[in-house]
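See below for the structure under consideration.
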Amino acid sequence: MDRSWTAYYDEEMSGLPEIPDLTLYEILLRSAKTFPKKRGVTFEGTRITYEELLTEVDSLAEAFADCNIGVGTVVTVCLPNIPQAVVAIYALNKLGAIANMVHPKTPAPELCSCMKETGSECLMILDAFLPKALDMIEEQKPGLVVVCKIGDYLSFGKALGFYVSKGRKIPKFPKDSFYISYSELIRHGDMLRKGKFSGDYDWEYPFTDLGEFKKKEKAEYVRPIGPDDPAIYLHSGGTTGSPKIAVISSTNMNVPAMLGPQIIRVSDPFDDPENFPDLTMVAILPLFHGFGICMCMHCMISCGINMLLVPIFKPDELAKIIKKERPQLIAAVPTLYEGMLKSDKLKTMNLDFLRACFSGGDTLPMDLKKRFEEYIHAHGANISLREGYGLTETLTVCAVNPEKNCKSGSVGLPLPGIDMKIVKTGTDEEVPVGEKGEICISGPTVMLGYLNDPEATDLAIHIHEDGKRWIHSGDLGHRDEEGFFYFDQRIKRIIKVSGVPVFPTQIEKVILENEALEAACAVAIPHPYRLHVVKAYLVLKDRAADENTKEEIKKQIAENCKKNLIPYACPVEYEFKDEFPMTRIGKIDFRALEKEAQGLKEEKPQEKEEQK
């Protein structure tokens, strides 16, 4: 196979490292032994070392085991980016249980469906989101509901401040048999782990009868499952657009994690642990998303890097945390970078501490890339904004732009150990260099399959002539002669005008060549003859522009589209908006705009697909 892209790797890209035969928990165990006093998690000023993180994980695992959670048990983790989510993922893996990751604001009916589809026996949920799910829980009756609070990992002062401002408004959870607070559960696990109880300790949870408790010797860890067994469930739009559940193993997670040092251009942390730099990654990408759970969490855990948890997915929060914590590493979606540019908090700040910035989850507009790089260069950071590409089904990171040979418009080069190619849509036939087709990926990051859906798995994963498992992405793209790959359009988002397919991303790219625009979104609207034509929604950088200016901009865009697009793809209508509706992970909600353009009531926002 042609892997000409390896010639353009940064010098730190030394190939696929040896992937340890370890589970997620065992990766944490290794890091805790190597970097016990290093910060592992930072949350709202609370700093948790790797040694302390491991203690929390072991305590929660003990408590879960005492509640009959073990090998194969599915636990739905319905939490924002807070320490409880991190602790739960590794504690469940220690027991051989599976973490079913869902959006914390998932509506109750959909949460119920997620739990039923995965066979979840336990739910972890934030107290603020519990009231809307109470009726569903009463109907579903899971074995255990663990109620988490923001204050569980805050200092006394911050916890008190949060309670006074917000916490006191949150209703207390019911005292039914299957509810328990996270703090009580982990306290019980801590007692079990230590082999002793205080005299006034009262364990009310009815799963076990402790009776006369006897001190026990600390049990040695025994691996309950292997690295290739199911560890995580991630909800995805699938490669065809319908919701599916990707089954992810520890090995799937470990491969991009082990490549982390090469991607961020540092040495292997275990070669010289004492001299490995103190680094911090902003974990604002949600942990229910492949990019967030793999690159912002597990990659950092595997390298002994500090994970800075940000539970609120907003540009202002990102700017605030950057100013306060001065993190070296950022991974975010384009809208968050756009927000950084507008933030007053960063305008006078020196950003020379930035070591690497990555963009994923959505197409990075070249204008934004240019403006962001100019901004950070003017503020002392001599780095690129590096776009990458991936799928939930491959833990999101398949390709990334190198720092030194970064190509504008490209999603970069396949990572070591990952193969990519372009095939003729609907076939396994590879197309010539430069020709568009479906992006396919092969390698150890490819998911085990879709849960309880062998037909969908077979549609997505094909065995090609080389005998390898190739996942067909559902995305159109191409590669150039140097091996750089380009994302052109999702196959599932196509507008047919008089039966001719046109691609919204391609239209938006042409429209965004106009420097007066901040964002654009092309959607389909009905037409009596062509069935559908294209309408473009536009957001100006200058929201206060007058009507004459807007008309001139529309004229310029129309002329440029006429030059660069086939006639069928040229928008017939333009509409300016102050802002676009966004999905919960920061993408433009094109489905909501399309329904608006067609005069339809928005019944189910695109958030349903994105949160999965």
_Residue identified as over 18 Å from GLU56 (Cβ atoms), within 29 Å of the chain's Cα centre (by Cα) and at pLDDT 85 or above among ILE150, ILE186, ILE180, ILE232_ = ILE232
*Assess whether GLY467 counts as being at positive phi and without any contact (Cβ under 8 Å) to a residue 12 or more places away in the chain.*
yes
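The rows are residues; the columns are (1) at pLDDT below 95; (2) in contact with a helix residue (DSSP H, G or I) (Cβ under 9 Å, 6 or more places away or on another chain); (3) not assigned by TED's automatic domain parsing to the domain that holds ILE150.
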site: ALA32; (1), (2), (3): no, yes, yes
site: PHE43; (1), (2), (3): no, yes, yes
site: GLU56; (1), (2), (3): no, yes, no
site: SER59; (1), (2), (3): no, yes, no
site: CYS67; (1), (2), (3): yes, yes, no
site: VAL74; (1), (2), (3): no, yes, no
site: ALA97; (1), (2), (3): no, yes, no
site: LYS105; (1), (2), (3): yes, yes, no
site: CYS112; (1), (2), (3): yes, yes, no
*Within the range 350-377, track down each residue that is part of a loop (DSSP other than H, G, I, E, B), of a type in the set (S, T, N, Q) and under 30 Å from ILE422 (Cα atoms).*
THR363
*In the set LYS175, LYS218, LYS214, LYS194, which member is at pLDDT 80 or above and of a type in the set (Lys, Arg)?*
LYS194
*asked:* Filter the range 475-487 down to the residues that are over 11 Å from LEU413 (Cα atoms), more than 21 Å from the chain's Cα centre (by Cα) and either of a type in the set (A, V, I, L, M) or crowded, with 18+ Cβ neighbours inside 10 Å (or both) and list them by number.
replied: LEU476, GLY477, HIS478
*Report yes if LEU308 is closer than 25 Å to LEU92 by Cα and over 16 Å from the mean Cα position of the chain (by Cα), otherwise no.*
no
*Output the residues belonging to the range 367-382 that are among the basic types (Lys, Arg) and crowded, with 20+ Cβ neighbours inside 10 Å.*
LYS369
_Given (1) of a type outside the set (D, E, K, R); (2) under 30 Å from ILE245 (Cβ atoms); (3) buried (at least 22 other Cβ atoms within 10 Å of the Cβ), identify the lone condition not met by LEU385._
(2)
*With the condition kept exactly as written, say whether any residue in the range 264-278 is in a loop (DSSP other than H, G, I, E, B), in contact with a helix residue (DSSP H, G or I) (Cβ under 7 Å, 6 or more places away or on another chain) and more than 14 Å from ARG30 (Cβ to Cβ).*
yes
*Within the range 264-274, is there a residue that is closer than 17 Å to VAL400 by Cβ, surrounded by 24 or more Cβ atoms within 10 Å (Cβ to Cβ), among the β-branched types (Val, Ile, Thr) and in contact with a Phe, Trp or Tyr (Cβ under 9 Å, 6 or more places away or on another chain)?*
no
*asked:* Looking for something under 21 Å from PRO230 (Cα atoms), part of a loop (DSSP other than H, G, I, E, B) and of a type outside the set (Gly, Ala, Ser) - is there at least one such residue anywhere in the range 93-109?
replied: yes
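Residues checked against (1) surrounded by fewer than 19 Cβ atoms within 10 Å (Cβ to Cβ); (2) touching a Pro at 6+ places or on another chain (Cβ under 9 Å); (3) in a helix (DSSP H, G or I); (4) touching a residue at least 12 places away in the same chain (Cβ under 8 Å):
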position: ASN81; (1), (2), (3), (4): no, yes, no, yes
position: LEU111; (1), (2), (3), (4): no, no, yes, yes
position: LEU134; (1), (2), (3), (4): yes, yes, yes, yes
position: PRO142; (1), (2), (3), (4): yes, no, no, yes
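Between MET340, MET300, MET307, which is closer than 30 Å to LYS244 by Cβ and assigned to a helix (DSSP H, G or I)? Explain how you work it out, then say what you get.
Numbers: MET340 fails: closer than 30 Å to LYS244 by Cβ; MET307 fails: assigned to a helix (DSSP H, G or I).
Within the list MET340, MET300, MET307, the selection yields MET300.
The values are calculated or read from the model by the stated rules, or taken from the named source; none is laboratory data. Since the structure is predicted, the reported quantities are computational estimates derived from the model, not experimental observations. No Cβ is skipped: glycine too gets one built from the backbone with ideal geometry, and neighbour counts run over all protein chains shown.
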